[in-house]
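What follows is calculated from the coordinates using simple rules that are stated; it is not laboratory data. The structure displayed is predicted, hence computed values, not measured ones. Note that each Cβ is placed from the backbone with ideal geometry, even for glycine, and that neighbours are counted across all protein chains shown.
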Amino acid sequence: MKSSIETSIPALFNQGFEAHTAGRLEEAEAIYLRVLQQAPRHADAHNLLGCIFGQTGKLESAARHLRRSIEIDGSIAEFHCNLGETYRALGRSHDAVACFQHALRMKPDMTESHNNLGIAFQDLCRIDEALHHYRRAVELRPDYVEARWNRALCLLLAGRYLDGFKEYEWRWQAKSLPPIRELYRDPSWNGEPLKPGGLLMLHSEQGMGDSLQFARFIPMAAKFGRVMVEIEAPLVPLFRSIPGIEQIIVKGHPIPRFTRHCPFMSLPRAMGIELENLPNETPYLQAPVDQAERWRRFFDAEPGLKVGLTWRGRPEHRNDRHRSMKAEHMAALGGVDGVSFFGIQKDATAEEVAAVRQGGPIQMLSGLDDYGVTAGAVMALDLVITVDTSVAHLAGALGKPVWLLLPYAPDWRWLLDRSDSPWYPTMHIFRQRTGGDWASVVAAVRDRLRTVAADPGQVL
């Protein structure tokens with residue numbers, strides 16, 4: 001006969017699993033810990049406790065329990081896959097690759113491991129291997145939305161725009177993005193001329209940086225028929241300068257009837273855009289005249305080369321932990337003779353400002369509440385130095401010199417292994433050579449900035 005403790009463990013574990021699947025993570029965590037107090041070698045409890053710690057950001061604890069689950073029972077492919085996901089979140093991409101490969105040796109048709117291995121290879125900029133595993137995941141499960149979206153991003157990163165933007169349409173089914181609104185389900189536009197009097201509604205969908213980047217396609221779309229645009233209120237002052245727009249609608253306001261619609265980021269697919277025919281003439285946006293003049297007068301009183309700094313983007317961005325840097329990294333630019341620094345970082349905290357000022361004086365600009373105001377400031381600066389956020393797109397679209405600081409595994413739009421951008425002729429890119437190494441990036445920027453301060457003609 002089993003003891004009462006032994007018979008209680010399965011029931012207790014099942015209680016934890018029930019709470020876990022219902023999303024009551026704190027309750028499930030407490031129950032799994034009780035299970036492990038009574039049965040320290042309970043592999044499933046270690047595994048699921050590790051998953052909870054991963055979900056709640058306790059990554060080192062997650063890795064410890066997941067490793068323990070494998071030590072107890074290394075025959076479960078899912079255990080290796082879960083540990084791989086945690087290693088990837090910790091920035092240990094090589095270890096993540098090893099885990100996913102181990103899982104696939106046990107279960108070659110495990111679609112999640114193929115997708116996750118693709119992501120880990122993409123983190124290492126091993127694009128061909130990433131595409132191989134995304135393709136395998138899609139072959140095994142054609143409706144695997146996350147794998148198809150990841151494959152799209154990888155194709156775009158490789159510069160394969162025709163295939164990439166076609167596959168990118170799967171984004172509307174991805175859980176990490178809000179689904180397309182019912183209003184914009186049908187009828188969609190695929191690049192065909194509209195009938196006389198037809199009205200094409202173009203609308204923003206993701207971040208404002210995306211809207212700034214893809215605004216270049218609006219005049220091209222206007223050649224096919226009348227165009228209205230729906231955008232966020234802070235973008236309205238800039239979009240007024242775009243030719244071909246009949247009416248601008250602020251998001252949240254009533255939408256007039258339209259003939260066809262197209263999200264901004266579907267425009268390249270609709271118009272057959274490739275790297276070779278990508279429109280990149282700048283400026284294609286104009287700062288409001290009053291704002292440009294206001295900021296010109298402000299900066300005229302400042303000495304030397306005027307440089308604007310931005311060190312982070314929205315924390316909600318899926319890759320923000322890689323693309324944004326800490327303010328103290330940017331402080332290393334301080335002390336360059338002949339340069340006046342200005343913070344164009346929106347919502348900078350007092351701690352961030354203090355950290356940046358450890359390197360030298362910097363004047364934080366205020367009142368940057370909409371992109372018309374920010375555009376005026378950017379136009380009056382000599383140079384913008386920024387991480388991958390909307391300020392980079394704004395400066396590029398305005399045709400201003402902009403130095404972009406990128407993580408080792410960049411967003412798709414910046415491609416790989418190049419210091420220029422096909423999207424913005426006035427952009428110069430500084431890339432991490434190893435993951436997380438912002439120090440060497442800022443050191444390279446500082447060296448280049450010293451040269452430019454002595455000879456401003458070399459800013460590009």
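Please verify whether segment 27-46 includes one or more residues that are in contact (Cβ under 8 Å) with a residue 40 or more places away in the chain and surrounded by fewer than 22 Cβ atoms within 10 Å (Cβ to Cβ).
No, segment 27-46 contains no residue that is in contact (Cβ under 8 Å) with a residue 40 or more places away in the chain and surrounded by fewer than 22 Cβ atoms within 10 Å (Cβ to Cβ).
Identify, from the list PRO268, PRO234, PRO288, PRO263, the residue that is under 26 Å from the mean Cα position of the chain (by Cα), closer than 22 Å to THR426 by Cα and surrounded by 15 or more Cβ atoms within 10 Å (Cβ to Cβ).
PRO268
Filter segment 98-138 down to residues that are farther than 22 Å from ILE76 by Cα, out of contact with any Lys or Arg (no Cβ under 9 Å at 6 or more places or on another chain) and either crowded, with 21+ Cβ neighbours inside 10 Å or not hydrophobic (A, V, I, L, M, F, W, C) (or both), then give me how many there are.
Selection size over segment 98-138: 6.
Suppose we keep only residues that are assigned to a loop (DSSP other than H, G, I, E, B) and charged (D, E, K, R) within segment 250-289. Which one would you say is nearest to LEU398 (Cα to Cα)?
Out of the qualifying residues, it is GLU281.
Residue check, ALA292 against (1) touching a Pro at 6+ places or on another chain (Cβ under 9 Å); (2) in a helix (DSSP H, G or I), all met but one. Which one?
ALA292 satisfies every listed condition except (1).
Taking MET220, is it more than 25 Å from the chain's Cα centre (by Cα) and either among the hydroxyl-bearing types (Ser, Thr, Tyr) or within 21 Å of LEU398 (Cα to Cα) (or both)?
So MET220 fits the description; yes.
In the list GLU112, GLU129, GLU146, GLU78, which residue meets the criterion of being farther than 30 Å from PRO268 by Cα and acidic (Asp, Glu)?
GLU78
Could you count how many residues in segment 417-457 are free of Cβ contacts under 8 Å to residues at least 12 places away in the same chain, among the polar types (S, T, N, Q) and more than 20 Å from CYS125 (Cβ to Cβ)?
1
Of the residues GLY252, GLY308, which single one is within 29 Å of the chain's Cα centre (by Cα) and closer than 30 Å to VAL339 by Cα?
GLY308
Is it fair to say ASP163 is acidic (Asp, Glu), surrounded by fewer than 22 Cβ atoms within 10 Å (Cβ to Cβ) and part of a helix (DSSP H, G or I)?
So ASP163 fits the description; yes.
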